[in-house]
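Step one of this worksheet: look at the structure below.
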Amino acid sequence: MIKKFIKIAGVGRFLNYTHSSVPGPFRTSDFERVNLVYGENGSGKTTLALILKSLKGNNPLLAKKQSFDRSVPQAVEVLTDVTPAPNFKYVNLNWDNHYPNIEIFDVHFINENIYTGLEIQNSHKRNLFEIIFWPTRDTTKGRHRIN
């Protein structure tokens, strides 16, 4: 399980974030098993999702999210509960290890797996998640139920 982001530098909005640099009253505790990240547009949510996708096993993703200030080299450090080496580090465009047990449900997940009405692609047909509701009529009371 991922516990916290220790350091994010040179990635998207995060020029030089460290967990210890956040003032005490605003510092978060360790993440839980399921976490919801929300915030205003442009606050870094997509960047965090991209970091996690990269940590899952796709090194080149973060190189595409270089901060505008390119003098800051990209570096990320994530604390996990993995033993014996809980810290995962991204330096020189590569993670020292990958953490494959992560699922990120973001706009890219929706576009890749669920038909959204914008277009139908073959990949949508293969990956479509079906949610089926079928109405049945309750003849005794004249109401419809969703099964």
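The values are calculated or read from the model by the stated rules, or taken from the named source; none is laboratory data. Remember, it's a predicted structure, so these values are computed and weren't measured experimentally. Methodologically, a virtual Cβ is constructed for each residue, glycine included, from the backbone with ideal geometry; neighbour enumeration extends over all protein chains shown. SASA here: full protein model, heavy atoms, side chains in, ligands and nucleic acids out. Shrake-Rupley method; radii C 1.70, N 1.55, O 1.52, S 1.80 Å.
Of the residues making up the stretch 10-23, those that are out of contact with any Phe, Trp or Tyr (no Cβ under 7 Å at 6 or more places or on another chain) and open to solvent by less than 50 Å² (accessible area, probe 1.4 Å) are Gly10, Val11, Gly12, Phe14, Thr18, Val22.
Filter the stretch 1-18 for residues that are free of Cβ contacts under 8 Å to residues at least 60 places away in the same chain and more than 15 Å from the chain's Cα centre (by Cα) and give the result. Step through it out loud before you land on a result.
To start, the set of residues in the stretch 1-18 that are free of Cβ contacts under 8 Å to residues at least 60 places away in the same chain comprises 12-18.
Scanning the stretch 1-18 gives Arg13, Phe14, Leu15, Asn16, Tyr17, Thr18.
Close contacts from the stretch 82-109, counting a first residue that is under 13 Å from Lys3 (Cβ atoms) and among the polar types (S, T, N, Q) and a second that is open to solvent by less than 80 Å² (accessible area, probe 1.4 Å) and not in a loop (DSSP other than H, G, I, E, B), with Cβ to Cβ under 7 Å and a gap of 6+ residues or different chains, come to Asn87/Glu77; Asn87/Leu79. Restricted to the stretch 109-127, and to residues that are of a type outside the set (A, V, I, L, M, F, W, C), in contact with a helix residue (DSSP H, G or I) (Cβ under 8 Å, 6 or more places away or on another chain) and open to solvent by 40 Å² or more (accessible area, probe 1.4 Å), which residue is modelled with the highest pLDDT? For the stretch 109-127, the residue satisfying everything is Glu112.
Listed by position, the strands (runs of 3 or more DSSP E) contained in the stretch 1-107 that have at least 2 residues being modelled with pLDDT of 90 or more and touching a helix residue (DSSP H, G or I) at 6+ places or on another chain (Cβ under 8 Å) are 2-11, 75-80, 87-91.
In the stretch 57-108, what count of residues is obtained for those that are of a type in the set (D, E, K, R), under 13 Å from Gly12 (Cα atoms) and buried (at least 16 other Cβ atoms within 10 Å of the Cβ)?
The first filter runs over the stretch 57-108 and keeps only residues of a type in the set (D, E, K, R), leaving 64-65, 69-70, 77, 81, 89, 96, 103, 106.
Next, from what is left, pick out any that are under 13 Å from Gly12 (Cα atoms): 64-65, 69-70.
Next, only the ones that are buried (at least 16 other Cβ atoms within 10 Å of the Cβ) stay: 65.
Of the residues in that region, 1 qualify.
Would you mind stating whether Gly44 is free of Cβ contacts under 8 Å to residues at least 12 places away in the same chain, under 15 Å from the mean Cα position of the chain (by Cα) and open to solvent by less than 80 Å² (accessible area, probe 1.4 Å)? No; evaluated as a whole, the condition is false for this residue.
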